[in-house]
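Worksheet: the structure to be examined is printed underneath.
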Amino acid sequence: MDSKRFEILAMEFLKGEINQEDRVLFETFLSKNPTYSSDFDMLQSSWSDLDSMEIFEPSEEMDKHFFQMLSSEVKKKEKSNWGEKLQNALSSIFKPQLAYGVLVLVIGLTAGYFLKQDNLNQAIAPKIASTNETEQVRERLVLTLLKQPSANKRLEGVSEANKLGNVDETVIRALLKTLNNDENVNVRLAAIESLTNYIDNPIVRRGLIQSIPNQKSPIVQVTLANLMLALEEKKSIEPFKQLLKEKELDTTVKKKIENTIEAII
């Protein structure tokens, strides 16, 4: 069994569409080939993770932004009313001396608050700097690991990329390059999974779409089809149509892409 046949049977197995004859053949092959068995375990893990990508719900994001804006406006309103409330409170006090005392107390409390806030900021600043340095070190580690000849090391690099809080453009482009050029299917699948963490980034989304015609692996093709379907990405339709023109395109993959295009439209 060659690697392409292995990928096709693996994909059918994971989708639950494999017939009994092919299932026996596939399971027998895995039992006699530990290397392929290990690859399949990794594929199965990646496939399970990709099932969670349907969480992209625009309505939730819209709700989030709406309530953030609402909260911001409420805070602004409360802030603008604070001075007016204080003035009314002072004016309602009968004795001028008492009003003066209250005013001094308010000024003292305010000054104390800002002094404490300044001390707090000074205490937090070194921790923020330390965090930034850690992120920079991790970014360099990711870029180094993605260039290693060992597939396991490159997988480790993708894993490190998942730990980054704010990924920069250099790392994103390195992950996209991995998706397009890496010879190992598992590494390419891991790159897709990692890139979905930054799917709101225009560079990421554009890069994923542009990578579609470049993919030769059936399972990677199907994974991208599932992702674009989850995102309802209309810009992926033309690249998928371009992929359909490939003469060697697997029939199962072809059907999946055709269904994806129809669903997105």
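Would you mind ranking GLU169, GLU156 so that the residue whose beta carbon has the fewest other beta carbons within 10 Å leads the list?
Listed from fewest to most nearby Cβ atoms, that is GLU169, GLU156.
Here are some pairs, LYS177/LYS247; LYS163/LYS235; LYS234/LYS254; LYS163/LYS234; LYS147/LYS177; LYS32/LYS147; which of them have Cα atoms lying more than 20 Å apart in this structure? Walk me through the intermediate numbers first.
Values: LYS177/LYS247 25 Å; LYS163/LYS235 29 Å; LYS234/LYS254 18 Å; LYS163/LYS234 30 Å; LYS147/LYS177 10 Å; LYS32/LYS147 32 Å.
From the list (LYS177/LYS247; LYS163/LYS235; LYS234/LYS254; LYS163/LYS234; LYS147/LYS177; LYS32/LYS147), the Cα-Cα distance tops 20 Å for LYS177/LYS247; LYS163/LYS235; LYS163/LYS234; LYS32/LYS147.
Fewest first, what order do ARG205, ARG23 take by the number of other Cβ atoms within 10 Å? Working shown, then result.
Working: ARG205 18, ARG23 13.
So the residues, fewest neighbours to most, are ARG23, ARG205.
Using 7 Å Cα-to-Cβ label points, what is the THR28/THR144 separation (nm, one decimal)?
The modelled label-to-label distance comes out at 4.8 nm.
So if each residue of separation counts as 0.36 nm, and I subtract the Cα-Cα distance between THR251 and ARG206, what length gain in nm does that give? Could you put the intermediate results ahead of the total?
Working: separation 45, 0.36 × 45 = 16.20 nm, distance 2.66 nm.
So the chain would gain 13.5 nm between THR251 and ARG206.
Can you give me the distance in nm between label points at THR170 and ILE199, each placed 7 Å from the Cα along the Cα-to-Cβ direction?
2.8
Each reported figure results from applying straightforward, stated rules to the coordinates on display, with no laboratory input. Please read these numbers as outputs of a predicted model, since none were measured by experiment. Please note: Cβ atoms are built from the backbone with ideal geometry, for glycine as well, and neighbour counts cover all protein chains shown.
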